[in-house]
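Participant: Here you go, one structure.
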Amino acid sequence: MTENPVEEDRQEARNRKFQNACKIWFCPSEERISRELREMPQEEREKVWADLSGNEKTSQFRKDVPEEPEEIARALDEMSTALQEITDKPALDLATKQDGEYVDGRSFRLMFLRSCEYDGKRAAQKLVEHMNTKQQLFGDHCLGRDIKLSDLNEEDMKTLNSGGLQFLPERDNAGRIVLYGHVESVKFKERENLCRALFYSLMTALQDESVQKLGVIFVWNIMSDFSGGYDYEADRLAIQTAAAVPARPVARYLIFKCALWKQVIEVLNHMISPYLRARTRSIHGCHAEVMYSLKCLGIPCDSIPSDDGRVVVENQKKW
């Protein structure tokens, strides 16, 4: 058989990319993440690898998520029972009074089950937290319905239109949606503007059932120089908001150039749950280096709306 040098070169390039991706996935630079992964049961570690890789050949990841009717019915019953046992849920109770069909609807509750890997008790608690957060951000009047664009005020819209938070127009290699954050471009007058824009964006994306099933990848671009000040409270509130939304995070990549950001990243990683921390990886290097790493990880780098320091908002406006 005649060898094909072009195909051999392509295969070698694919192998290099996969090896680079494995190095990032399996060898996190943060000692705390490494330690928690080592202490994690093997079954849970396998779930982490599946989420990070999105590779059906080398992990348990499955693009077509099977949902057996009997299992869904069981999980919904478990969720309903758990909700009945939670006595302190005023926001959820008010939402039920406003529109019980919306709150008790099968499709609405399935979002929470999918985000909690079909654990009814966890889904019930997330629904309660979701309504509490929704009430804090938007008030009482819209608890019994979806948040609409018209629910955002002028400052919220400025945050949304800044392009600092936007979904990439292309998905990753496994078909997962990618939320791209360009920290330097995120603009807000009050921290609540950021949280409302984030809540609306994620809940809108979740109208697509595939997003509910496959999860969301988060990419945070902090490639700017470190000026010495950082709004940790804004990040804490944004993390809290994202945690109350039924979007399952499958990977979180923090890309940075200046080594001084490492301390900030350490604090931010302390704010998130162990579940999300296990799926967090930091990528340090110049713009070309981090873009290559993201490409190895299956992120559609050609659709990332920024270069070294400028964010493009055209795709965000279309969205």
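Any read-out appearing in this document is the output of simple, stated calculations on the displayed coordinates, not a laboratory observation. Keep in mind it's a predicted model, so treat the numbers as computed, not measured. Reconstructed Cβ throughout: ideal geometry from the backbone, glycine too, with neighbour counts over all protein chains shown.
Participant: Taking 7 Å along the Cα-to-C-beta vector as the label spot, tell me the Ser29-Arg10 distance in nanometres, rounded to one decimal.
Facilitator: My value for the distance between the label points is 3.3 nm.
Participant: Among the GluC sites (Glu not before Pro) in segment 45-154, which ones are in a DSSP loop with at most 15 other Cβ atoms within 10 Å of the Cβ? Mind listing them? Working shown, then result.
Facilitator: Working: sites: Glu46, Glu56, Glu67, Glu70, Glu71, Glu78, Glu85, Glu101, Glu117, Glu129, Glu154; in loops: Glu56, Glu67, Glu117.
Of the GluC sites (Glu not before Pro), the ones in loops of segment 45-154 whose Cβ has at most 15 other Cβ atoms within 10 Å are Glu56, Glu67, Glu117.
Participant: If I take every Cα pair under 8 Å that is 6 or more residues apart in the chain, average their sequence separation and divide by the length, what percent do I get for the relative contact order? All intermediate terms of the calculation are to be shown ahead of the outcome.
Facilitator: Numbers: 441 pairs, mean separation 62.4, N = 319.
Once normalised by length, the contact order is 20 percent.
Participant: OK, next. Calculate, for Leu37 and Gln240, the FRET efficiency according to 1/(1 + (r/R0)^6) with r their C-beta to C-beta distance and R0 22 Å; round to the nearest 0.05.
Facilitator: Values: r = 24 Å, r/R0 = 1.10.
Between Leu37 and Gln240 the formula returns 0.35.
Participant: Would you list which lysines come within 25 Å of Lys189, measuring only between C-alpha atoms, while excluding same-chain residues fewer than 8 positions from it?
Facilitator: Lys134, Lys148, Lys158, Lys317, Lys318
Participant: Is there a quick way to get the dipole size of the chain? I mean about its Cα centre, with the Cβ of Lys and Arg at +1 and of Asp and Glu at -1; what is the value in debye to the nearest 20? Numbers along the way, then the final one.
Facilitator: On the way: 45 positive and 53 negative charges, 86 e Å.
Computed charge dipole of the chain: roughly 420 debye.
Participant: Put a dot 7 Å past each Cα toward the Cβ at Thr204 and Lys262; how far apart are the dots in nm?
Facilitator: It works out to 3.9 nm between the two label points.
Participant: Within the set of other residues whose C-beta is less than 13 Å from the C-beta of Tyr232, count the net charge using Lys and Arg as +1 and Asp and Glu as -1.
Facilitator: Working: positive: Arg191, Arg236; negative: Asp231, Glu233, Asp235, Glu266.
That works out to -2.
Participant: Please compute the length gained on full extension between Tyr102 and Arg45, using 0.36 nm multiplied by the number of residues separating them and subtracting their Cα-Cα distance.
Facilitator: On the way: separation 57, 0.36 × 57 = 20.52 nm, distance 3.59 nm.
Length difference between fully extended and current span is 16.9 nm.
Participant: Of all DSSP beta bridges located in the chain, what percent are antiparallel, nearest 5?
Facilitator: Expressed as a percentage, antiparallel bridges in the chain total about 20.
Participant: Quick one: angle between helix 42-53 and the longest Cα principal axis of the chain, in degrees between 0 and 90, rounded to 10, please.
Facilitator: Helix 42-53 sits roughly 70 degrees off the main axis of the chain.
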